[in-house]
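Student: Here it is, the structure, as structure tokens.
The values are calculated or read from the model by the stated rules, or taken from the named source; none is laboratory data. The structure presented is a predicted model; accordingly, all values stated were derived computationally and were not measured. All Cβ positions, glycine included, derive from the backbone under ideal geometry; neighbour counts span all protein chains shown. What goes into the accessible areas is simple: the full protein's heavy atoms, side chains included, and nothing from ligands, DNA or RNA. Shrake-Rupley method; radii C 1.70, N 1.55, O 1.52, S 1.80 Å.
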Amino acid sequence: MSDQSRQRRYQNLVEGYSGWLYRYAYWITGDATTAEDLVQETFLRAWRFLDGLQEESAAKSWLTTILRRENARRFERKQLDYSDVELDTVPTDNQTFDARPEVLALRNALQHLPVKYREPLLLQVIDGYTLDEIAEQFDLPRNTVATRLHRARQKLRKHLEGEELLIADELS
Amino acid sequence: MNCLEVRQLILADPARLPQEARLHLQQCQRCYGFAEEMNQLNQDLTQAFRVPVPEELSSRILLRHALEGDQPESSPVKRRGWMMALAASLIVSLSISLWLNLNVTEDKPLLAEAILGHMPHEAAIVEQAHNLTHDKRIDQVLAQINATRQGDLGPVVYATVCIIDGMEMAHLAIEEEGVHYTVMLIPTAAFSAPTWFENDRWQGVAASGAGSTVAILTDVQRQRPPAETRQKLSDMAESYQRLLGYNAASAS
Ligand SMILES: [Zn+2]
Ligand SMILES: [Zn+2]
């Protein structure tokens with residue numbers, strides 16, 4: 001591949017997928033600044049391994065895999081585990097959010113959801129992944145994925161109901 | 001298929017129910033209502049997941065790519081440039097010398113060492129990049145360490161939150177009169193007295209006030225005479241202490 005076409009291909013990937021990757025990173029790290037750093041790292045790595053991407057149609061899942069690996073490396077480097085993320089780094093920049101109450105309540109509920117539930121939900125809802133595709137992406141049995149999604153929705157529902165009770169309480 | 005089985009399928013993937021489950025919904029009002037609710041949840045989730053993407057994200061990625069991402073991994077050509085030589089020399093000869101014989105405990109030089117070890121992370125991005133940041137970004141970064149600006153922080157060209165030695169800190173890069181400074185803002189008092197540290201590439205000072213620490217580093221080589229540099233760094237550390245306000249950290 002010529003240098004120029006390699007550059008153009010890369011630029012298309014950046015412009016086409018940085019938004020998706022940012023949101024993905026945001027929801028697995030719970031933090032806007034870390035998410036951007038993670039997307040930067042992902043694209044640096046993607047450039048180095050660009051020739052490994054055979055088909056453009058596989059680009060999104062290829063990039064998502066790189067991002068997930070980069071995130072895992074981040075944890076290795078910092079010797080943290082996922083529980084730290086859920087508890088400590090809930091985003092502070094609420095002013096950048098869509099402010100409708102139902103969306104805010106749901107975002108809040110999502111932030112309380114462990115990453116292992118949040119991540120497959122994101123792939124399913126935003127990107128239309130099937131259970132089998134998620135199972136493949138995470139290298140997990142299909143049943144495990146189904147159970148996680150099942151629990152994710154139950155937990156969200158419970159959280160939102162709790163929220164409604166609180167609001168009803170305030171109004172009464 | 002009974003209600004329980006159908007509900008499990010709905011919870012796992014409400015948008016793709018098998019034929020058998022859909023037949024059940026036609027006959028069961030309660031499961032039908034549940035499926036409706038979960039489909040509505042899917043729609044709300046679509047909105048909730050769509051957090052705003054930072055402006056110019058693609059441009060920043062491409063800029064960074066232009067600055068440092070020019071060698072494919074498979075290429076036999078070694079990555080050149082001062083960055084790599086620098087990283088290597090740091091690993092080989094990371095030595096901290098305390099210029100002042102101050103009463104510091106063991107862990108503080110370790111943090112200073114960790115900060116020096118962190119410098120190549122920044123150097124790669126900042127060396128040629130300008131105007132990569134703006135006030136909103138700086139405020140977001142500061143908010144993460146529970147800090148707010150009390151005044152102008154000067155020409156900040158880079159801002160991010162880094163975790164060094166297990167401590168979350170704001171990492172700012174400042175470009176002033178052609179000289180590059182790195183400012184680390186730490187929301188805990190990590191040093192009991194001002195501490196000087198250096199390796200063959202960078203020198204810096206770290207000082208703590210009430211509940212916070214500022215560390216300022218700059219390049220060793222293209223600098224003014226050492227005494228003057230130390231004075232400048234001390235002054236900067238002092239003014240950054242004044243310029244930042246820290247909220248009482250709620251560590252719960
Ligand atoms: Zn039923
Ligand atoms: Zn940093």
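Student: Restricting to the range A:38-61, count the residues that are under 14 Å from the mean Cα position of the chain (by Cα) and not polar (S, T, N, Q).
Tutor: 3
Student: Another question, if that's okay. Can we say B:Ser234 is over 21 Å from B:Ile138 (Cβ atoms) and not in a strand (DSSP E or B)?
Tutor: yes
Student: Does any residue of the range A:6-25 turn out to be open to solvent by less than 40 Å² (accessible area, probe 1.4 Å), facing chain B (nearest Cβ under 9 Å) and assigned to a loop (DSSP other than H, G, I, E, B)?
Tutor: no
Student: So, in the range B:22-46, how many residues would count as being aliphatic (A, V, I, L, M) and more than 13 Å from every other protein chain (Cβ to nearest Cβ)?
Tutor: The number of residues fulfilling the criteria is 2.
Student: Those residues that are open to solvent by 60 Å² or more (accessible area, probe 1.4 Å) and within 14 Å of another protein chain (Cβ to nearest Cβ), I need them from the range A:49-59; list them, please.
Tutor: Residues satisfying the conditions are A:Phe49, A:Asp51.
Student: When you scan the range A:133-150, how many residues do you find that are among the charged types (D, E, K, R) and modelled with pLDDT of 95 or more?
Tutor: Summing the residues that are among the charged types (D, E, K, R) and modelled with pLDDT of 95 or more in the range A:133-150 gives 2.
Student: Of (1) out of contact with any Ser or Thr (no Cβ under 7 Å at 6 or more places or on another chain); (2) within 12 Å of ligand 2 (Cβ to nearest atom); (3) modelled with pLDDT of 75 or more; (4) not hydroxyl-bearing (Ser, Thr, Tyr), B:Val141 satisfies all except one. Which?
Tutor: All conditions are met except number (1).
Student: Looking only at the range B:197-241, count how many residues are within 15 Å of B:Ile174 (Cα to Cα) and of a type in the set (D, E, K, R).
Tutor: Looking only at that region, the number is 3.
Student: For B:His65, indicate whether it is farther than 30 Å from A:His150 by Cβ, assigned to a helix (DSSP H, G or I) and either open to solvent by less than 70 Å² (accessible area, probe 1.4 Å) or of a type in the set (A, V, I, L, M, F, W, C) (or both).
Tutor: Spelling it out, B:His65 is indeed farther than 30 Å from A:His150 by Cβ, assigned to a helix (DSSP H, G or I) and either open to solvent by less than 70 Å² (accessible area, probe 1.4 Å) or of a type in the set (A, V, I, L, M, F, W, C) (or both).
Student: (1) open to solvent by less than 40 Å² (accessible area, probe 1.4 Å); (2) within 16 Å of ligand 2 (Cβ to nearest atom): which one isn't true of B:Thr195, the others all being true?
Tutor: Evaluating B:Thr195 over (1) open to solvent by less than 40 Å² (accessible area, probe 1.4 Å); (2) within 16 Å of ligand 2 (Cβ to nearest atom) leaves (2) as the failure.
Student: If I go through the range B:206-223 residue by residue, how many of them are open to solvent by 10 Å² or more (accessible area, probe 1.4 Å) and either part of a strand (DSSP E or B) or modelled with pLDDT of 85 or more (or both)?
Tutor: The number of residues fulfilling the criteria is 4.
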